[in-house]
Amino acid sequence: MLLPTLLLSLTIILILLIAVPSLRRSLISTPLGKVARKQLPKISDTERAAIEAGQVWVEGEFFSGQPDWQRLLNEPYPQVPPDVQTFLDGPVEQVCQLATDWEIYQRKDLPPEVWKFLKHEKFFGMMIPQEFGGLGFSNLAYSAVMVKLASRSFTHVATVGVTNSLGPAKLLLRYGTPEQKARYLPRLAIGEEIPCFALTEPLAGSDAASLTSRGEVFKGEDGQLYLRLNWKKRYITLGAIATLIGLAFRLYDPDNLLGLGHDVGITCALVPRETQGVVIDHRHDPMGVPFFNSPIEGHDVVLPIDQIIGGVAQAGQGWKMLMQTLAAGRGISFPATCTGVAKLVARVASAHSVVRQQFGLPIGRFEGVEEPLARIAGLTYVVDAARLYTCGAVDSGAQPAVVSAIAKYQSTELARAIVNDGMDILGGSGICRGPRNLLANVYTAIPIAVTVEGANILTRTLMIFGQGVIRCHPYLYDEIQALYDSDWVAFDQLLWGHVGAFIHNVGRSIGLGLTQGRLAKAPVSGPTARYSRKLSWASATFAVLTDIALICYGGSLKRHENITGRYADALSWLYLTSAVLRRFEAEGRPDADLATVEWAAQYGLVQIQTAFEGIVSNLSLPVAGALVKPLMLLGLRLNPLATLPADRLGHQVAKDLQTMGGMRDRLTSGIYLPTDPTEALGRLEQALSLSHQADTIHRRFKDAVRDGQLSIDSTNQTESLETLAHRAGLLTQIEWDLLTVANEARKDAIQVDAFTFDEYGAGSKVDLIDLPQPLLSN
């Protein structure tokens, strides 16, 4: 009896310790808190600004372990308004018609008439309010324009994007003084001023806060305050042609003239190009893409103090300004660009798969081609869904920093995968440059999107989860703040709320796992209900694994980048898959899209599953790790969230993408589609249409051969099936003419560009007459 009595006594004591706040706080929470406080990493002001930038949006639901699906599915799903559609059908369509991507590359610049048109139609002022002479577009409207421009040429979006996203205009709108807004915004809106923003330096890339550009405050002979600036910047888009430079630098005030101390901090200022000491005399060549990008230097450049963006009141606030602007901005421009690219690839690859024939069949009917076609379709749906979901958030007033990082990272990585698949399908047609090739230039340009506005490696390993967990976890940020403040009452309440949530999520994860998510309540009925249930299950598991990582690594978690990267993958696909389900519901559940939606949802769940397995395999679990990890891995592998989409489903998605109208048109809506058959895409689309018309006739031939109406023997086997059918009277003259035109269109569409030696050598530094003669003769 002694042992049971002892156990009962210990249980009562433990219950009292936990149930009585004063006892719990003094005997458990405060001692634990003091130990934890000593292990807290120091958070610099720049990192704190990055963590606190923006707001927590729906990503916080996934950290809770119990996402509110009513909220997720009722978030705004924006539609392009009529006035913006008029702009898309008018000026955007017209600027796309002015020059092909090939022509832009040949010129190594946009043609003068394109520059003139962009300025006249205020493409550089899309996000500037009408009161300052701009178009006053929403983020969705700007995004829709970028989608269409990206489907024509990456040079368009690189040129227009900077003027509307991260640049002087954005900073002026949010932080500028009334005088600065009135002076610069109207000129920026019409392209009278061409802006750039100079942040990156040779020694300050991803660690942008370590910049060495320097500014000093001094008093002039006239008694006014001035800045003396020195800098060396690189990778500055539009820098070579910019007339107004937004400059980030570290400001010092040796004489404390501003009363802010000697080291004021990172500051942003506007520097007119013509200011003495500004040096812009070189340009970079980013992957051969002909947009302006250059190094910029400044040597003893003197400016009035009021050139600081926002005036003296914003001195030292530059890093916060940049982080707040990027918190939403990075989730708009590149997702739009990548959506345009993805839709173009979907259109080109699907048409080519029908038009190109081998072994007597369109190549799109071979399973080896169906697989990448299905991937192109499914991932394009994902990218566009995330773009629309994120735009809706930002336009409704949210600044979702973590979601924006997810949108930028995943859209660029998925676009890279989509382009690679498209290139594989096109084969030799994809690698021979020329006016007929629609993907080669995109293929070389995609790494630029991956690299800028937060390189993807950094975005994945640090921004999405390394910093995101601090910001989005329902308890963690407040717990850290309570520890820093030695607020033991608040820490006690937060800690035990956190413990309770962890225990709840453990039970929820196990329960949902045992039932494959069926215990979770689905917000909708029908075939997609199971995916929201599985996402609820995944969210509970994600929340549990997050807390385990916090226990195992504490303040050193962000340094374990392999681990944080896998958590970022899981969080990203929780968001992306939710965006897919939101899109399907918002668009009225079109039956023709269901196969693509199911493919995308299953693929997303597999990415989460893969991330979970990678996390558990590599977690450093103390004490019981040797026993717990194998059990956790066994459970994950025997009871996965999902498996990759079945071949049958992939076949249906690929078939839908190769069928004119319906799903194909919805998936690729909003891009530039030339109707001129002398243009590459117009030619391909015409051949696709004719091929589909001819296909019904070809099917009749095959039926005739099978039924014995048309025989093939040694006397006629060298003749085409069309000729035999025509001779046998199985074709009308109209059908014969259609087949003839279709065959010619097919042959024309699959041709690749070839150049004479003189054409190819034009502009080259190597003269053909200097080449070895054997090479020429070959």
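The values are calculated or read from the model by the stated rules, or taken from the named source; none is laboratory data. Since the model is a prediction, treat every value here as computed from it, not as a measurement. Every residue, glycine among them, receives a Cβ derived from its backbone with ideal geometry; neighbour counts consider all protein chains shown. Surface areas here come from the heavy atoms of the whole protein model, side chains and all, with no ligands, DNA or RNA. Shrake-Rupley method; radii C 1.70, N 1.55, O 1.52, S 1.80 Å.
Quick one: putting +1 on the C-beta of Lys and Arg, -1 on the C-beta of Asp and Glu, what dipole do you get for the chain around its Cα centre, in Debye to the nearest 20?
2140 debye
Tally the DSSP beta bridges in the chain and give the antiparallel ones as a percent, rounded to 5.
Bridges in the chain are about 80 percent antiparallel.
Which value, in debye to the nearest 20, describes the size of the charge dipole of region 116-183 about its Cα centre when Lys and Arg Cβ atoms bear +1, Asp and Glu Cβ atoms bear -1, and nothing else is charged? Provide the component values of the computation, followed by the final result.
Values: 9 positive and 3 negative charges, 29 e Å.
Using only the charged Cβ atoms, the result is roughly 140 debye.
Could you tell me which of rounded, prolate or oblate describes the chain, using a ≥ b ≥ c as the square roots of the eigenvalues of the alpha-carbon gyration tensor, with rounded for a/c under 1.5 and, failing that, prolate when a/b is larger than b/c and oblate otherwise?
oblate
What number comes out for accessible area per residue over region 270-394 if the probe is 1.4 Å? Units Å², please.
Computed with neighbouring chains in place, this is 31 Å² per residue.
Among A351, G246, V382, which residue has its Cα furthest toward the positive end of the charge dipole of the chain, with +1 on Lys/Arg Cβ and -1 on Asp/Glu Cβ?
V382
Can you show me the helix-derived [θ] at 222 nm for the chain, built from DSSP H runs with n ≥ 4 at -39,500 (n - 2.57) apiece and divided by the number of residues, rounded to the nearest 500.
-18000 deg cm²/dmol
Roll a 1.4 Å probe over the protein chains and send me the accessible area per residue for region 557-639 in Å².
39 Å²
Going by the alpha-carbon gyration tensor, a ≥ b ≥ c the square roots of its eigenvalues, is region 464-594 rounded (a/c under 1.5) or, if a/c is not under 1.5, prolate (a/b greater than b/c) versus oblate?
Note, shape of region 464-594 comes out prolate.
For the chain, with all protein chains present and a 1.4 Å probe, just round the carbon and sulfur fraction of the accessible area to a whole percent.
56 percent
Can you give the charge dipole size of region 34-167 about its Cα centre, rounded to the nearest 20 debye, using +1 on the beta carbon of Lys and Arg and -1 on the beta carbon of Asp and Glu? If you can, show how the numbers build up before the last one.
Working: 13 positive and 16 negative charges, 136 e Å.
For region 34-167, the charge dipole is close to 660 debye.
Determine the shape class of region 454-518: with a ≥ b ≥ c the square roots of the Cα gyration tensor eigenvalues, call it rounded for a/c under 1.5, and otherwise prolate if a/b is greater than b/c, oblate otherwise.
Taking the square roots of the gyration eigenvalues as a ≥ b ≥ c, region 454-518 is oblate.
Over region 131-173, give the accessible area per residue in Å² for a 1.4 Å probe, as an integer.
Per residue, region 131-173 has 18 Å² of solvent-accessible surface.
Of K108/K320; K181/K232; K42/K181; K116/K343; K148/K521; K170/K534, which ones are farther than 30 Å apart at the Cα?
Result: K108/K320; K42/K181; K148/K521; K170/K534 exceed 30 Å.
Which is farthest toward the positive dipole end of the chain among G298, L199, G554, measuring Cα position about the Cα centre, with Cβ charges +1 (Lys, Arg) and -1 (Asp, Glu)?
Going by the Cα projections, it comes out as G554.
Just name one of V597, P435, L721: the one whose Cα is farthest towards the positive end of the charge dipole of the chain (beta-carbon charges, Lys/Arg +1, Asp/Glu -1).
So the residue furthest toward the plus end is V597.
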